[in-house]
Structure formats: C-alpha cells, structure tokens
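Here the structure is laid out as structure tokens; the discussion comes afterwards.
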C-alpha cells in the first residue's frame, strides 16, 4: 500500500505553485499503485484534518482517477512501451470509497459538496442501476422532505450529483431513460413548489435542457428514448407556460426568474428547431404564445432601465449566483419567435401582430449603454458586439425582423417601414434623452434591410426623400457628442446603400462627408470606421466619373489609418480599399507607391490571419493590373518576397509562405518591363526549389505551381534556356520539366490539376526547343489521363491534347494512332481521346480552352484524314434505373454517332451559346443549374403535415412581392468594360488574354466555317452532316424573323 503522506506532499506541492509539474507527474505515477483512490477519498472527506483547498484538489484528482480506471481494468504501456501496467480497483476498495463519499454530500463547504457530488455522479454513471441500485433512491430522499428541509447542504449536494448523472456524455441512453422516468416526475413536483428557491428551479431547468439537447441529437435514431421524452411534454409545457407567465416584484429575485425563463425559451427553441420534435410541439403553440407575447411586450421597461440606460445597481444584483440578466431573456425570446414563425397555421396570429412586434423589435435594437461605451473607448470591441453572430438582443432582434420580411414579404416590409416611421416620429422629441436611440435603431434597420427594400417590386418608400430629408439631419448636426457621432456614421452607411437609386447630386454630399471624416486627423476612430464602411457602399453605386475625384484622398486616408487599427477595423479598412482600387486603373497605378509599402507592412504583421491575408492579396491583384504600378511594385516587394522564399526560411509558418507565393504569382503575371537575371536567381530559383522539396504542404504546392506559370511567359525563352539553377543544377527548361514530372501524376488530383497550365506554357513559349519532346509529353499526359477521375482535371488534360494537335497536327495524330487505347478492342489512343474530347467539349467554361477546342475541331474536320470517316463516338448519355434517391447507383450508357455529325452538332451548339446576349445567356445558365439541382436532389415535394394536421412549411411563392436581387446588382457596380470590375478570368488571368487564340471571335469563325463547309470537306462527309446544317439554317431564319 502506498503512503498517504507521500500523496499529501504531492497535493501540497501542486498547491504551493513551485515545481508543479514534478508533483503532478509523481501523482500520475502513484495512481498506478494499489489503494491510491482510497487514500484520495480519505483526504477528500477528512474535514477536520485537511484544508478545504487540499480536500478540493484531492477530489478533483479522485474524479479523474474514477473517470479513467473505475469502469474496467485499464491497461497502459509503461515508459519504455515494453511491458504493460494493469491498474485494478478492487471491489472492496470501490465499496469503501462509496461509503466514505456519500455522507460528505452534506459538507458545509460548497466547494467540497460540489467536488464530492461530481465523484459520486461519475461513479453512478458506471454503476447505476446494476451495481449501485440504491443510489437513485438515496439521492431522491435527499431532495425531498423532510431531508430537504432539515439539511440544506445535503439537498444541494444531492442535486449537484443528479446534475452530473444527467449528463448524456457519461450515461448510456438506456440508463438515461430509466433516470428520466424516475426523477423527472419529482422535478416536476419541485417546480410546482413555489416556496422552493428559484435557484433550485434554475438547476432543474438546466438538467431538462441537457436532456433536450441529447434528444435533438439522438432522438431520431433512438425511438425508445424519443417516445419516453415525448410523453413528458404535455406536463412540462404546462410548467413552462406557468413560469413564462410568472412575475416577481422583488428586485433580488428578478434575475433568478429571468434565468429560469431564459432556460425555458432556449429549450422551446431547440424543440421547435428539431425536425422530429417540431411536429410534436406544434399543438402546444397556442398555449405558449400568450405568455410569450406578454413577456415580449412587458420586458422592455426593465431591459431599457438596466441595459439601455445602464442602471448598474440593478444589473449587478445576484450576478454572483450563476444567473443571467434581462438581456439573455430577451435574446432567447427572439430565438423562440424565430423558431415558430414558419408554422403556417400560426402565421395569421403573427401577421395580426406584425405592427406591434416590429415596433418592439426596433425598441430592442436601440444601442445599449455598453455598446455606446465601447464606441467611445474600444472600436474593435464595438465592432465585435455589432457582429451578426452575437447572441444579444440587438442582433437577435434583427434576425427576427429579417425572418418576418422573409416570411411575409411585401406585407412584412410595409409593416416594418411603418414601425420605422413611428420611431422616427418619436425621435423628434428632443426632451426625451433617449430620442437619438429611436432614430439610430431605425437607420440601422434601413441599412441592414436595404436589399429587401431595393428588390421590392412595389416601392415601399422614396429613396430620394430618405437622403434629402431624413438622413441629411444627422449630417448637418455640428456637435461632437458621442450620440451625434453615432447618428452621423449610421446615416452615412445607410445613405451609401440607397445611393444607387437616387440622383448623384443627392448621394455625393454623403460621400464627400465620408471622405472628409476619413482624412480628418482628430475625428474619433469609430466614426472613421463607419465612414470607411460608407465608402465601401458608395463605390459600386456612385457613377465612376463622380467617384474618381475622391479616390486619391480615400487611398491616402486609408493608408494613413492602417497602422492605427487592428482586427475587424482593419478588415473593414481593407474592404474599403479593395472597393476603391478597382474603380480606375490609372489612378490606382499612380498611387501604388503609397499602397504597396503599407500593405506590405500590414501583410507581414497579419500573415497568420487568413482573412486579412486574403483581402491583401485581392488588393495586390488589382494593383498589379495597373500598368503604372510597374516596375515600382516589383521593386518594393522584391526583397521581402526573396527573404521568405529562400530555402533557409521556407520552414516558416506555411500560411506566410503560401501568401508570399500567391503575391509573387500575381506580380509576375502582369510584369512586362525589362527582364533582369536577378529575377531568375532570387525568385524563380527558390520557387523551383520549394516545389522539389519533400513533404511540402498542399496549399504551398498549389500556390507554387500557379506562381510558376507567369515566369514561363514573362522570362524570354532564350534567357531561361541558357540559365542554370544555382542549387539544383537543372539547365533551362528542365527546371520546369522536373516539376511537371513530379506533380502531374500526384495522387491528389487537385494538386495535379495545377500542372496542365505549365505544359501549355511550354508548348507556347518553348515550342522550337521541345520538338523532340512532343512524344514524351504526350505519353506522360496520356498515362495521367487514363487514371484521372476528377472531371475538371480531365478537361484540362484534354486542352493539352487539343493544343498539341493544333500545333503539331500530323506528328501527334500519327503517334496517337500507334498507341493502344486503355479500353482495348483494337482501338487507338487517338480514337479514345477524340471520344472523351467530344464528351467534355460542352462543359468547357474557360474562353481560351473553348476557342482552342473549336479551332481544333475545325482543323480535324478539314484534314481529310480517312481514319476519321467511319469513327463512332459517344453521343448522349442514357441512365438506366433512374430514381430520385441521391444514393442510388445508376447505370450510365451512351448512344453513339459518327464523329463528323457529333462535331457538327457541337459547333452549332457552341455558336448558339456564343450568339446569346449576356442576359439571355445568364438566364439559360441559371435554368440549366436549377434543372440539374432538381434532378440531383433527393427530397419530398409534398407539403409536410404533422400528426395533428398542422402544416407549417413555407408558402410556395417564395418571391412574392420581390424582384430577383441580381436585377439590381446589389453587390456590384456599373463599370464599363475598361474598368477593373470585369470577368474574373480576365482580371486574374492576364496571361490567357495574351494568347492570340483567346481573341478569336469564335462565333464568326463557326459561322464562316459552316457556310463554307461544302468547300472544306469531302462530299461524303458533307452529305452526312447536311441535315443538321439545314436544321441550323431554318432555326436561324426563324429566330431572325421572330
């Protein structure tokens, strides 16, 4: 047996705070000795011999010991992993531990009671009801009269023990069922006992909440548990209704009641959000709604006093007893109301009270005293509290408003604006010290819901009137009191969102004011941040010519502000800068010398932050598109990029390395100035070295492969052919070939997917140097193509084949016809590739690849190769065993047709798509997307009806009263095609645009080809495709006449 004094020495050593780890390690070693748990128990219950701190620590270690070793014999490897140490707690020792622990549930120290209860509860999780059947009866006796009346400590200890036992993490579902059946009726009676302290009711509600959480996780899979729980609902809903209706007048008891009510509302929200239990709960809504509405309407006066006006005396009452304030209650109210709004049978009830609900929502959106304080003193904390994921009344109220508008559409929107007008009217009473809060909450809602108001088919209010009359008041206020600054910032943000629908002369004064605030030295930071948010809103909505004059001041203002801000404020500043640099290339390029150095310092300081790094990379991408940014931007970035890429520093945090490589790729993609060898030695060489290292992280590999592509295009071919890698020793193009060989066959196809652009670059830039390598490239790509499974990777490989055929037609076709197909059947690799190419042509999205595919089809068409005459290729897919189940396996079979017919139809289909105007094409693509979604999803279209016939799904016409949001381009601006806001492919892939094939008007080429086809091919082929050409001509004439 081990010595108790040794354990005591370790416990006191841990408490002493010196060499803590040494004593903890010794305790871990002693835990393997027989009798360790019993000695810990004796120390834990020895109230007369040991300090409370020693006993509490002993209990904590005892619980850990029970958790690890009580249930079964535990086997652990020893230090050398050679032998096994078996830790066994004898039944005699277990029995003695339980005997010693049980009486101490009534210990006078709450710390010890809690610790003992946790140990007993943990043992109970293992032994009740089989090995310790009397445990539950004993605990129940402790929480019922007369024990509960005579011994308060015992009552609290036993209740804590039950809390542990009800933790689903420790108890099996079958035992939880028994526990619920035994104890919940007693809890129900305790909740009905109005003389019992509310603190006890809080604990019981907490236990019920834990069980509800468990049911929502496993109830759908454990029908027995679910059935037992559902039977409890009627009686517990009665209890919930009672407590939601309950009021207390004693201030000290208010927070306790709020805590009970908050727990109940959170439970109800969980029940209604669960798809299984929701059906069972619908019948109770009529019983629950009256007290909920009463609570919703009646809580504001107390909320206003404590949270909005900041009555700290009332707020601090009883906060040391694990209770919540009124703000948690209000948040849970909103959460519950959101959870039941889509129960169709009760929507009328909602709709009848819309005006009052929305009016109250606006009340709860008013700024709390805490939020005002943070606005004054801590901008980042203010922004954090304003984040839309916070569980606070202001945010939860906004969620309910949004849900109401989503549900009731135009009716909800009109009701909302009526409520806003009422609040604006109340804000006119300047005698009310709260006047500005009525105004601010209304402006915030207009700002947050701007997309709904803009998209409404029926104009709910006059946007011009909003800017001319309502918001202008806050701009004209000259005071510097905090509440006036808050209103000014809110109005600027709101005006920015409605500026697109009004005349420029109305919106420009707000933009001017925003810029003045940004560049003013003494303006508080919180207002500057609001001004930047407003600028982000104005930039896509104000006409470009009006916006250009502000760009220099905005860039200077943001750049000056970047060193002073962090976290969310920094993110907002970068968003504003991103929105501005895309407006005009010349202006952005002119101020590159200001943007790059500070952006570089910010990036190096926040390279560990993925969101900030991403924003900075996006800004660099746009700055790099400006011709005036060069050569300055590369000169300013060169040293930093070289330091990060050097082999001695590439073991740094991979996020920094990945970001540096991304930025390097963007800078080089647009670099067109005089080439210098130092670029090869200091940037290109490290990049190749990184790729040839072992065990690189995938994001770094992907970034490096993408960044390597611009070097192929930007470095003169002769320079790289004559250059030798200073470390690896590879000569010229071999530096790229070794990378291709390593990664094209990578087992991760999403890595290999980045290699084809390298091959394309070599074919374009080094064609004269690789003539003898064409067959080798073909073989390498073929072997990869045969094995690949990812469709987008297959498409990229096909683009390489089309490129090779286009540049080396006879050489490639002859070679491929000597290579057998992987399918056998006397086919060649050429026929196999043609078949796959025809399959994937219609899916090509990239403009360059599409043009290349079409031109290559035409070249094959006119080649007159007899090997194509009788060639059959896959035409249309046929799915056998079609089902709506998403998991069903379908047999895919293809019909076949002659190669020339397939190509003719593909060319006609491509021409039709290319001839569509953008609006029609977008509509067509959306219809195709919706059709695909409908075919792929596995869902039940029937309206769901619960057991009692109460349907609660949303109305069929989801968009009633609203235009499609994309009609208004809410997230983008109106720039002409010379602006930065063009297609992503064009903006971030300037290299593709430099290929002459990219600029081919493919629609014109196809038309001319089809028109002259009779002269371009053999009579036999022309006769074969004539029916399809005739149908195309008929359709074209019909469309023209229409």
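So which of 659, 704 ends up being modelled with pLDDT of 90 or more and either in contact with a helix residue (DSSP H, G or I) (Cβ under 7 Å, 6 or more places away or on another chain) or surrounded by fewer than 17 Cβ atoms within 10 Å (Cβ to Cβ) (or both)?
Result of the check over 659, 704: 704.
Return only the number of the condition from (1) in contact (Cβ under 8 Å) with a residue 60 or more places away in the chain; (2) surrounded by 20 or more Cβ atoms within 10 Å (Cβ to Cβ) that residue 372 does not satisfy.
(2)
Among the numbered criteria (1) modelled with pLDDT of 90 or more; (2) crowded, with 17+ Cβ neighbours inside 10 Å; (3) out of contact with any helix residue (DSSP H, G or I) (no Cβ under 6 Å at 6 or more places or on another chain), which one does residue 95 miss?
That leaves (2) as the condition not met.
Kindly provide the set of residues from the range 989-1042 that are farther than 15 Å from residue 857 by Cβ, outside any helix (DSSP H, G or I) and either within 49 Å of the chain's Cα centre (by Cα) or modelled with pLDDT under 85 (or both), ordered by number.
Scanning the range 989-1042 gives 989, 994, 995, 1001, 1042.
For residues that are within 23 Å of residue 699 (Cα to Cα), surrounded by 15 or more Cβ atoms within 10 Å (Cβ to Cβ) and in contact with a helix residue (DSSP H, G or I) (Cβ under 8 Å, 6 or more places away or on another chain), tally how many sit in the range 605-631. Please lay out each step first, then the result.
Keep residues of the range 605-631 that are within 23 Å of residue 699 (Cα to Cα), which gives 605-622, 624.
Now restrict to residues that are surrounded by 15 or more Cβ atoms within 10 Å (Cβ to Cβ): 606-607, 609, 612-613, 615-622, 624.
Adding the requirement that they be in contact with a helix residue (DSSP H, G or I) (Cβ under 8 Å, 6 or more places away or on another chain) leaves 606-607, 612-613, 615-622, 624.
Number satisfying all stated conditions: 13.
Contact list please: Cβ distance under 6 Å, first residue in the range 425-444 and over 23 Å from residue 530 (Cβ atoms), second residue modelled with pLDDT of 95 or more, pairs at least six apart or on different chains.
426/438; 429/435
Could you pull out every one of the helices (runs of 4 or more DSSP H) wholly within the range 126-238 that has 1 or more residues that are under 37 Å from the mean Cα position of the chain (by Cα)?
152-165, 173-192, 198-218
The values are calculated or read from the model by the stated rules, or taken from the named source; none is laboratory data. Note that the coordinates shown come from a computational prediction; the quantities given were computed from them, not determined experimentally. Ideal geometry is used to build each Cβ from the backbone, glycine not excepted, and the neighbour counts take in all protein chains shown.
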